[in-house]
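K.L.:
Can you read through this structure? Questions will come right after.
Laboratory data are not the source of any read-out in this text; all were calculated from the coordinates shown. What you see is a predicted model, and the numbers here were worked out from it, not measured in a lab. Cβ placement follows ideal geometry from the backbone for every residue including glycine, while neighbour counts extend to all protein chains displayed.
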Amino acid sequence: MTRALVPWDVRLPRLFESFRREIDELFDQFFGMWEDGRERWAVFAPRANVAETDTHYEVTVDLPGMKPEEFSVELKDNQLWITGERKREHEETGKTYHRIERLYGQFRRVIPFPAPVNAEKVEAEYKDGVLRILVPKDESAQPKRITVKTG
């Protein structure tokens, strides 16, 4: 009878303590740190926008601080491949880093197109850290206007 009089908030945390420890260990396995100190989920993957018009696709990719020779753009099997590597800046001695949030490493973005594209007329421009690619649709994929005859 005395056990029933013990407040629930005293008993309940002990019941879930081992469960919480197991969940924490599981998350550390998946989202913990690599050997070099980076968090596992912290992989550099540039952000991209894809827009479509009747005549072309427009892809913009954020690549701040990169030079054009550090990435490449290819069209393979109706897919746009953007690959490259953002190198880590050399840490200088005599500095104490309080926070390191910028991500580095190799990346690959593959953007599939649902309609056939014209590989011969693809245009790419890199300005102010943003890569802009215009990929024209093939003539067969563009909408055709049909005239309706009246009787």
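K.L.:
Taking θ = phi - 60°, what integer Hz values does the Karplus form 6.51 cos²θ - 1.76 cosθ + 1.60 yield along segment 61-66, in sequence order, with x for Gly and Pro?
P.N.:
10, 7, 10, x, x, 9
K.L.:
Let me ask you something else. Using θ = phi - 60° and the Karplus curve 6.51 cos²θ - 1.76 cosθ + 1.60, what whole-Hz ³J(HN,Hα) does each residue of segment 134-142 get, with Gly and Pro shown as x?
P.N.:
9, 10, x, 6, 5, 3, 5, 8, 7
K.L.:
Which ³J(HN,Hα) values in Hz, rounded to whole numbers, follow from the phi angles of segment 81-89 under the Karplus curve 6.51 cos²θ - 1.76 cosθ + 1.60, where θ = phi - 60° and Gly and Pro get x?
P.N.:
10, 10, 10, x, 8, 9, 7, 6, 5
K.L.:
So who's got an amide H within less than 5 Å of the one on Val130, skipping anything under 5 residues away but keeping other chains? H placed 1.01 Å off N, in plane.
P.N.:
Leu63
K.L.:
Would you grab the residues whose amide H sits under 5 Å from the one on Tyr57? Only those 5+ places off in sequence or on another chain, please, with H modelled 1.01 Å from N.
P.N.:
Val135, Lys137
K.L.:
Would you list which lysines come within 18 Å of Lys76, measuring only between C-alpha atoms, while excluding same-chain residues fewer than 8 positions from it?
P.N.:
Cross-link targets: Lys121, Lys137.
K.L.:
Let me ask something else about it. Kindly rank 132-138, 69-75, 47-53 from highest to lowest mean number of other beta carbons found within 10 Å of each residue. Spell out each step's value before the answer.
P.N.:
Details: 132-138: 18.0, 69-75: 13.6, 47-53: 12.0.
Packing order, densest peptide first, comes out as 132-138, 69-75, 47-53.
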